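J.: Below: one structure in structure tokens.
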Amino acid sequence: MKRMAGLLALTAVAVLIHGYHPYAEDAEIYLPGVLKILDPSLFPGNTEFFGQHAGHTAYPNLIAGSVRLTHLPLPWVVFLWQIASIFLLLAGTWRLAAALFEGQRARWTAVGLMATLLTLPIAGTALYIFDQYLNPRNLAAFAALFAVAEVLNHKYVAAVLWLVFAAAMHPFMAGFAILFCAWIAILDRYRPRVLGFASLLPFGLTLDPPPPAYHEVALRQSFHFILRWQWYEWLGAIGPILLFWWFARLARRQGMRNVELVSRAIIPYLGLATLAAIVLAIPARFEALARLQPARCLALCYMLLIVIGGGLLGQYVLRGNVWRWLVLFVPLSLGMYWAQRQLFPASAHVEWPWAETRNPWAQAFDWIRDNTPTSALFALNPDHMTLPGEDETGFRARAQRSMLADLVKDKGAASMFPPLSTLWLEQVQDQKNWTQFRKDDFDRLRQKYGVSWIVVERPGPEALDCPYQNSKVRVCRLD
């Protein structure tokens, strides 16, 4: 009961530190799939830009099924799943820390450090350890930690069940966990004197050449290509290798068998992934394969780094000294909170499901959801998610309406599913120079695509019928 209370308390602390933004960033990719299941009349146009992702995961069915089972509104279900995911991630951290460390302080330091660093950026991958909104990666993350813990405890059936769940939620990220669990099981059994190579990363995608338009997509996805990373992002990939090498040596001296095992296993695993990422980034003919993003195994590596590093801090540095705990966690928590406030300055830090939004863009999207027909097709600045004050709010996720392809999240869908690149490029090119559009430009979109509504920044073009406007945007009907 004390452990349960501690995990619940840290879950609440984690939400307060990192915030909650249910419609932000990749929620634009995953939430429309849930909405489409709950109401098939939604999104009659451009479904492909989220349907491809939805078709490769059980996540939309899980969330939609939860709505139908509980009869709760979708915002409440998504919020409760997010809270449950954070709790389970911390519980998985405890489970793994218990397999690595005998002391309670070491285990609680690992859990506390994970709660504090949930939104730590992962070098060069455009990922966080855990996102501020519900998505399949969050569900796969806690399952991966439980799976590694069960492998260390030699409970392989339980490990397989966790990995199956992770694969059902996010097959791509689960692949890294599956390979690592297999690798540490091999090392644990045979204990080779010389570190071997990790299992090959999953290259099971089609080798068919992508459409010519795919090159335009690839140019905009720099994080797919490790050779385009900044120097500090390389530090985020090389640094963990050095830290795990040090952890392995320390663990060997202290007789911490599982800490040494995991640390030794991660070095060739991460090294091979980095090598694979470099190989895929060099020749042009591998451009489409770069979307495999081997470096995304860093997500699992960072979680293991926090668990082991936190455990060692608690055991050898913090110990029972309250001041040392405060010196570590108070500045770290404040720093993470400050960073999140800079990312979403125009929105509440925690967007509670019962609260009205204060973000003008989100207010406009809510009006659209409540006052326009479900068959409407919208056009808005294709770069709107990056505009100041928009706070990366997804239009489809919040407004629940179809829209033309954008330059942010639809670009990501086209990069992962090359056949979409042709459709994406055509629609994006037709919206080029959006800020200079006049009524005749909008009429061209209406005639070609059937666009019936637009969202423009104020003041916007004249001679438009705009039944809604606020301090930032206008929502206008095209006749």
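J.: Taking θ as phi - 60°, what are the ³J(HN,Hα) couplings along the stretch 356-369 by the Karplus curve (6.51, -1.76, 1.60), each to the nearest whole Hz, with x for Gly and Pro?
T.: So the Karplus estimates, Gly and Pro as x, are 6, 6, 9, 7, x, 5, 5, 4, 5, 5, 5, 4, 4, 4 Hz.
J.: Okay, next question. Rounded to two decimal places and with Rh computed the Kirkwood way over Cα pairs, what is Rg over Rh for the chain?
T.: Value, to two decimals: 0.99.
J.: Here's something else I'd like to know. Please list the non-local residues whose amide H lies under 5 Å from the amide H of Val350, H modeled 1.01 Å from N, same-chain partners needing a gap of 5 or more.
T.: Tyr20
J.: Measure out, as a whole number of angstrom, how far apart the alpha-carbon centroids of the stretch 368-442 and the stretch 72-92 sit.
T.: Using only Cα atoms, the two centres lie 29 Å from each other.
J.: For the chain, give me every cysteine whose Cβ has no other Cys Cβ within less than 4.7 Å, ordered by residue number.
T.: By the Cβ distance rule, which asks for a partner under 4.7 Å, the isolated cysteines are Cys181, Cys297, Cys301.
J.: Given the pairs Lys448/Lys472; Lys411/Lys448; Lys439/Lys472; Lys409/Lys432; Lys409/Lys472; Lys36/Lys439, which span a C-alpha to C-alpha distance of over 24 angstrom in this model?
T.: Over 24 Å Cα-Cα: Lys448/Lys472; Lys36/Lys439.
J.: Counting heavy atoms of the protein chains only and a 1.4 Å probe, report the per residue accessible area for the stretch 369-459 as a whole number of Å².
T.: 39
J.: Something else about it: If you line up the long axis of helix 27-38 against the longest principal axis of the chain, both from Cα atoms, how many degrees apart are they, to the nearest 10?
T.: It works out to around 70 degrees.
J.: Toward the positive end of the charge dipole of the chain, about the Cα centre and with charges on Cβ (Lys, Arg +1; Asp, Glu -1), which of Ala399, Met303, Trp367 goes farthest?
T.: Comparing the listed Cα positions along the dipole, Met303 ranks first.
J.: If you don't mind, there's one more thing I want to ask. Rounded to the nearest 5, what % of DSSP beta bridges with both residues in the chain are antiparallel?
T.: Of all bridge pairs located within the chain, approximately 65 percent are antiparallel.
J.: Give me the angle, in degrees from 0 to 90, between the Cα long axis of helix 322-343 and the longest principal axis of the Cα atoms of the chain, rounded to the nearest 10.
T.: Helix 322-343 and the main axis of the chain meet at about 20 degrees.
J.: Once label points are set 7 Å from the Cα along Cα→Cβ at both Met4 and His56, what is their separation, rounded to one decimal in nm?
T.: With each label point 7 Å from Cα toward Cβ, the separation is 3.9 nm.
J.: Given H placed 1.01 Å from N in the peptide plane, which residues other than close sequence neighbours of Leu127 have an amide H under 5 Å from its amide H?
T.: Ile122
J.: Ordered by packing density, taken as the mean number of other Cβ atoms within 10 Å over each peptide's residues, highest first, how do 22-28, 388-394 rank?
T.: 22-28, 388-394
J.: Does anything in the stretch 14-48 have its amide N under 12 Å from the 7 Å Cα→Cβ label point of Ala348, and if so which residues?
T.: 20-22, by backbone N distance to the label point.
J.: What whole number of Å gives the distance from the Cα centroid of the stretch 230-246 to the Cα centroid of the stretch 258-276?
T.: 12
J.: Then there's this: For the stretch 66-119, what is the accessible area per residue in Å², given a 1.4 Å probe and the full set of protein chains?
T.: 37
J.: Helix 439-449: angle to the longest alpha-carbon principal axis of the chain, degrees 0 to 90, nearest 10?
T.: Between helix and principal axis, roughly 70 degrees.
J.: What's the carbon and sulfur percent of the chain's accessible surface, probe 1.4 angstrom, rounded to a whole number?
T.: Answer for the chain is 62 percent, counting heavy atoms of protein chains only.
J.: Nearest 20 debye, what's the magnitude of the dipole of the chain about its Cα centre given +1 on Lys and Arg Cβ and -1 on Asp and Glu Cβ?
T.: The calculation lands at about 1960 debye.
J.: Taking R0 as 56 Å, what's the FRET efficiency between Arg341 and Arg189 from their Cβ-Cβ distance, rounded to 0.05?
T.: For R0 = 56 Å, the calculated efficiency reads 0.70.
The values are calculated or read from the model by the stated rules, or taken from the named source; none is laboratory data. Since this is a predicted model, take the numbers as computed values, not measurements. Every residue, glycine as well, gets a Cβ built from its backbone with ideal geometry; the counts of neighbours run over all protein chains shown. These accessible areas exclude ligands, DNA and RNA; they are computed on the full protein's heavy atoms, side chains included. Shrake-Rupley method; radii C 1.70, N 1.55, O 1.52, S 1.80 Å.
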